[in-house]
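The values are calculated or read from the model by the stated rules, or taken from the named source; none is laboratory data. Here the structure is a predicted model, which is why all the values come from computation and not from measurement. We place every Cβ from the backbone using ideal geometry, glycine too, and count neighbours over all the protein chains shown.
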Amino acid sequence: MRKGQIIFLLFSISFILFGLNLLLGPVTIPARTLFSLIKGSVVDDLSRNILLQIRFPQSVTAILAGAGLATAGLLMQTLFRNPLAGPDVLGITSGASLGVAVITMFTGAWIVYMPQLGVLSLILSAMAGAMVVMLTILALSQRIKDNAMLLITGLMMGYISSAVVGVLTVYSSAENLQAFTLWGLGTFSSVSWDRMNYFAGVTIIALFMAMLLPKPLNMLLMGERYASNLGLRVERSRFIVLFCAGLLTAVVTAFCGPIAFIGVATPHITRLAIGGSDHRILLPANMLIGASVALLCNLIARMPGVEGALPINAVTSLMGAPIVIWVVLTRHKRKYL
Amino acid sequence: MSTNLLYTTDLGIGYSEKNGQKLLHRHLNLALKPGELICTMGPNGAGKSTLLKTLAGFIAVQEGDAFIHGRSIRSLKEKELSLMVSVVLTEKLTIEDFTVRQLVSLGRYPYTGFFGRLSDEDQKITDQAIADTGLELFSDRKLSQLSDGEKQKAMIAKALAQETSIMILDEPTAFLDLPGRIEIMRLLRHLAAHKNKGILVTTHDLEQTLRFADKLWLIAQGKEMVCGTPEDLLLQGYIESFFAREGILFDSHTGCFRADEDYSERVHIIGKGITSYWVKNALERNGFKPDKNNSADIHIEITTGDDPEYIISGTRDNEVRTTSIESMLHELKTYNVEKQIYTSTLE
Amino acid sequence: MKKIHLLVLIGTILIATLFNACVNSEHRNSKAVNSAFTIVHLRYAREFSIKKFQTYKILEVKNAWDTLHTLARYILVSRKIPLPQNLPEGIIIRTPVQSIGCTTSVDACMADKLGVLSLINAVAEREYIHQPIIDEQFKKGKITEIGSSMNVSVEKLMEANPEILFVSPFKDNKYGHLKQTGVPLILISNYLENHPLGRAEWILFYGAFFEKDVLAKKIFDSISSHYEHLVSLTRNLSHRPTIFSGKLFGNLWYMAGGKSYPARFFKDAGADYLWANRPETGSFPLDFETVYQKAINADYWQVLEFYNGNYSYQNLKTEYPPYAHFKAFQKKQVLFCNTHYRDYYEQGLLEPDIILADLINILHPGLLKNHQSKYFALLK
């Protein structure tokens, strides 16, 4: 299949899942209501509010978060040439969480909800935490050539971050603790329209940045020596890739809380679907597949048939962990990474 | 000087470490001309890889300078260097789900735009590189489906597509079988001669070096580097001295190194040509020293014809006739030294 | 043997026997333990029981997670009498106790009501206890801080050495390590009671330890009669405004079950709780859409929040903008209690009648005369 056709197919899948996320939910809303709303006709308040104020922003958040995390994962897997690299596995998400924890200690937990200045501080602190971990991992990767060892180091970074958060919580007030705990559950429903500007803005800019990187990424895939021989300024490119991945992880984590597995698992789905490693098609396809995965998980989390809802991390873990295990089992047969 | 693609002045190579420099070799004055295939050889740990990496720009020049296309390597940026030098390294490819064409087209990256899109020109050059390395039939196959030799050729094709005047290859024949090795060296020689490239190769394969290299650079720890035409260096005894080791002998006739074995008996061989050479080989392996003199106690005569016989004579009265080297060896081992058989040598 | 030695020997034996007899006779007298007992009637509480025997009382705390077994049994024996023999199995406590330790402020509230605050010599989480006397006692060095209620320090407890320590049991027991201190742990499960008055009735349980049973009963009767009076005012009202409670926690909304104590409050306050028909005695999770669908037009919304400062509608809206769609929000009919300043969970346990009055006052204005709200007020 040609590149254009693949992208079109993936886009259609995402679109369908988006539609399903609008249509399906704990409260039954008939399809024609949705269509009426789209057409601009008058629709009952309940349906209108549920669709526009709850399901729509939640779906948009899922799309952006899924695309963002999947891209961060792909970037990291290429950068570290490690099939199990990902924002959560390498401790980047924990670093971002630590950043959020620190800022909530100082400003109070409501920063998690505040627009404008609060949002900026939130993103910056998550960024700071993510980048600290990311840079540490990068520095360590110079010395640790073994992929498995690097992953373990990443896990340890995650543990360290979590431990520091634990210590902070001992000294925090009860309301900060509760708000931070809530945030730590991870959800796509935390971004309502008034904060969507910031979330969507930063995420889209970062995704756009990533889309400019297929050439350096392809070269990095060959290894640093070959990449440099082909004219790539390796140190600079590594930093840019790192920055982009860190930014994506930070912004998604800051708004949605830590979301597991989408970063690690999606690039493998993409590579299987595309059957190649050329980042010119891998990047956009991966974004679309990441969005689809997030939408699918959101759908499952919200529709257990009863009135409750599953935590989103439970669904992403159930989906993602088997994929990671499969990646480990097939590592000898795998033709990439 | 001006026709040199690459030359060094007083070059010192090595590594920078925390407590100063570690220099492996100093005062190197080397040159690579267009149309030349140069092989670098030396024992392990000699500094071959370090030299290569320095000339390719991967590690820093420690002393002196190296000039590529007349420009100091210290001043060249990655982009500029990518247009002058292409490399094939020993690193294993992690990505095997590229097709041959995709891999080779990566060689065009120094010339492509921001997203790495290939122009028609780039496509043509890619296809030409694939053809030059004889991989046309494989161009749409995934790398995972190729043999080692074919993969190596694909890497060379990629370096070719990069259209640089200098190609540097680190042990390109290391894991190949004999026909594979010959193929690669022949290809490199062809590229040097017909595309006017300067090709620098490190290798352990003395046989192919003697056959295909225009120049040989010998490098060893603690010794000054020696450069010259392979035959000169052989006849001047440099090859032997660079690889000298206890119990290793160099045979100047064949250009081969051999183990220096103890022998129990001297044997006089009468016979000529190929068969005589290989009888000697078998005898040496089993502890018999071939002797030109008639004075040796045991003689072996090789009869001419389509089915040669090996006639052992010597200290015993009777002669033993054998029809294969295997049976000859067997008889020889049980042969009583007293018996002698006289043969005459024709060499 | 010489005669004098024999005399000394006989004399010693006689004295020993006499001594023994005296001791034994005491035992023998007490052996006639009366097996007759009265059960203290509890009107609302279900999680404990008190049985009065002639010389002792048995207080039992039920096991909510395993109804076949008792969680704890305490044998209360007055100090004024010698310890009876053949007491049933259980932890023996001599009453009235002279020093107590508290791990929650409920304990302190109970002690306050019973007038035994001065007996407290060990306290956990001092910052949550709002009695000034406690502060004074701390200053005088008469109270030792023993850590947090979840994490009591063994050493500190041993240092303070109260005669008993009140603790709240949880399913995964967090107090096992305290057994080594030798301080008897008195389990208080009043938070498991589903009726507000049931929670308050635990004052009888507390009172027994100080031999203040009569005072405890008096206090409880006053509370319960006030409460029951309020219920009678709303029982026959035809207009019952609709109400719901809680907030989103992450992406889940924990709604109080139909048989929980908040639901009981709503019913007794003359409101129509939208989830009254749910069988849960605790809370259960719902997603936002479901709550939204059912409660969008509810008259009132009860919110409890521990907030440092002035909580407002703006806060709610910022937390989750769709909250602003609820009719109760738009009509500014959110019943709010800031638990940072109003001790709903602790002091409120002993004042269910006041809480009920607060609710009635808002839900049915004018029904009560001159009521000053203490816990709940309409959010501004």
_Scope segment C:260-315; condition charged (D, E, K, R) and under 26 Å from the mean Cα position of the chain (by Cα); matching residues_ = C:ARG264, C:LYS267, C:ASP268, C:ARG278, C:GLU280, C:GLU305
_I'm trying to understand the selection: among the residues of segment B:132-164, which are among the aliphatic types (A, V, I, L, M) and touching a Ser or Thr at 6+ places or on another chain (Cβ under 9 Å)?_
B:LEU143, B:ALA154, B:ILE156, B:ALA157, B:ALA159, B:LEU160, B:ALA161
*Condition check for C:LEU359: away from chain A (no Cβ under 14 Å), closer than 15 Å to C:THR242 by Cα and under 23 Å from the mean Cα position of the chain (by Cα)*: yes
*Within segment C:150-168, track down each residue that is surrounded by fewer than 20 Cβ atoms within 10 Å (Cβ to Cβ), assigned to a loop (DSSP other than H, G, I, E, B) and not aliphatic (A, V, I, L, M).*
C:SER153, C:ASN161, C:GLU163, C:SER168
_When you scan segment B:138-156, do you find a residue that is at pLDDT 90 or above and among the β-branched types (Val, Ile, Thr), even just one?_
yes
*Can you tell me which residue among B:LEU52, B:LEU89 is touching an Asp or Glu at 6+ places or on another chain (Cβ under 7 Å) and within 8 Å of another protein chain (Cβ to nearest Cβ)?*
B:LEU89
*Could you count how many residues in segment C:273-298 are more than 7 Å from chain A (Cβ to nearest Cβ) and either among the β-branched types (Val, Ile, Thr) or surrounded by fewer than 17 Cβ atoms within 10 Å (Cβ to Cβ) (or both)?*
8
_Six or more apart or on different chains, Cβ atoms under 7 Å: show the pairs whose first residue is in segment A:293-317 and charged (D, E, K, R) and whose second is modelled with pLDDT of 85 or more and in a loop (DSSP other than H, G, I, E, B)._
A:ARG302/C:ASP287; A:GLU307/C:ASP287
*asked:* Being in contact with a strand residue (DSSP E or B) (Cβ under 7 Å, 6 or more places away or on another chain) and in contact (Cβ under 8 Å) with a residue 60 or more places away in the chain is the filter here; which residues of segment C:51-93 pass it?
replied: C:LYS57, C:LEU59, C:VAL61, C:LYS62, C:LEU71, C:ALA72, C:TYR74, C:LEU76, C:SER78, C:ILE91, C:ILE93
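The rows are residues; the columns are (1) touching a helix residue (DSSP H, G or I) at 6+ places or on another chain (Cβ under 9 Å); (2) crowded, with 18+ Cβ neighbours inside 10 Å; (3) closer than 30 Å to B:HIS25 by Cβ.
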position: B:ALA60; (1), (2), (3): yes, no, yes
position: B:ILE73; (1), (2), (3): yes, yes, yes
position: B:LEU81; (1), (2), (3): yes, yes, yes
position: B:LEU89; (1), (2), (3): yes, yes, yes
position: B:GLU96; (1), (2), (3): yes, yes, no
position: B:LEU106; (1), (2), (3): yes, yes, no
_Can you find a residue that is surrounded by fewer than 21 Cβ atoms within 10 Å (Cβ to Cβ), of a type in the set (A, V, I, L, M, F, W, C) and at pLDDT 85 or above anywhere in segment A:176-196?_
yes
*Across segment A:295-320, what is the total count of residues that are away from chain C (no Cβ under 14 Å) and surrounded by 22 or more Cβ atoms within 10 Å (Cβ to Cβ)?*
2
*asked:* Which count do you get for residues in segment A:223-270 that are among the polar types (S, T, N, Q) and more than 14 Å from chain B (Cβ to nearest Cβ)?
replied: 3
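For (1) free of Cβ contacts under 8 Å to residues at least 40 places away in the same chain; (2) among the acidic types (Asp, Glu); (3) touching a Ser or Thr at 6+ places or on another chain (Cβ under 8 Å); (4) on the phi < 0 side of the Ramachandran plot, each residue gets a yes or a no:
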position	(1), (2), (3), (4)
C:LYS267	yes, no, no, yes
C:TRP275	yes, no, no, yes
C:SER283	yes, no, yes, yes
C:PHE288	no, no, yes, yes
C:TYR292	yes, no, no, yes
C:THR318	yes, no, no, yes
C:HIS325	yes, no, no, yes
C:ASP343	no, yes, yes, yes
C:PRO365	yes, no, no, yes
*Is there a residue being assigned to a helix (DSSP H, G or I), among the basic types (Lys, Arg) and modelled with pLDDT under 90 anywhere in segment A:321-331?*
no
*Filter pass, C:LEU363 being buried (at least 23 other Cβ atoms within 10 Å of the Cβ) and in contact with a Pro (Cβ under 6 Å, 6 or more places away or on another chain)*: yes
*Tell me the helices (runs of 4 or more DSSP H) entirely within segment A:150-222 that contain at least 3 residues that are under 21 Å from the mean Cα position of the chain (by Cα), within 25 Å of A:GLY290 (Cβ to Cβ) and more than 10 Å from every other protein chain (Cβ to nearest Cβ).*
A:193-211
*asked:* What pairs come out if I take residues in segment A:24-42 that are away from chain C (no Cβ under 14 Å) and pair them with residues that are assigned to a loop (DSSP other than H, G, I, E, B) whose C-beta lies under 8 Å away, six or more apart or interchain?
replied: A:SER36/A:VAL42; A:SER36/A:VAL43; A:LEU37/A:VAL43
*Residue selected from segment C:1-37 under the condition at pLDDT 70 or above and surrounded by fewer than 10 Cβ atoms within 10 Å (Cβ to Cβ), by the criterion nearest to C:GLU60 (Cα to Cα)*: C:ALA36
*Taking segment B:150-168 on its own, how many of its residues are in a helix (DSSP H, G or I), within 11 Å of chain A (Cβ to nearest Cβ) and either polar (S, T, N, Q) or under 17 Å from B:ARG186 (Cβ atoms) (or both)?*
2
*Among the residues listed as B:ASP291, B:ASP251, the single one being surrounded by 13 or more Cβ atoms within 10 Å (Cβ to Cβ) and either farther than 30 Å from B:ILE13 by Cβ or touching a helix residue (DSSP H, G or I) at 6+ places or on another chain (Cβ under 9 Å) (or both)*: B:ASP291
*Any idea which residue in segment A:87-117 is surrounded by the fewest Cβ atoms within 10 Å (Cβ to Cβ), counting only those that are small (Gly, Ala, Ser) and modelled with pLDDT under 80?*
A:GLY108
*Going through segment C:180-204 one residue at a time, which ones are charged (D, E, K, R) and at pLDDT 90 or above?*
C:ARG199, C:GLU201
*Are any of the residues in segment C:338-349 over 16 Å from C:ILE223 (Cβ atoms), outside the structural domain of C:LYS113 (by TED's automatic domain parsing) and of a type in the set (Gly, Ala, Ser)?*
no
*Please determine, by comparing only the residues of segment C:307-329 that are crowded, with 16+ Cβ neighbours inside 10 Å and farther than 21 Å from A:ARG48 by Cβ, which one is farthest from the other protein chains (Cβ to nearest Cβ).*
C:TYR313
*asked:* Regarding segment A:273-281, can at least one residue be identified that is out of contact with any helix residue (DSSP H, G or I) (no Cβ under 8 Å at 6 or more places or on another chain) and within 9 Å of another protein chain (Cβ to nearest Cβ)?
replied: yes
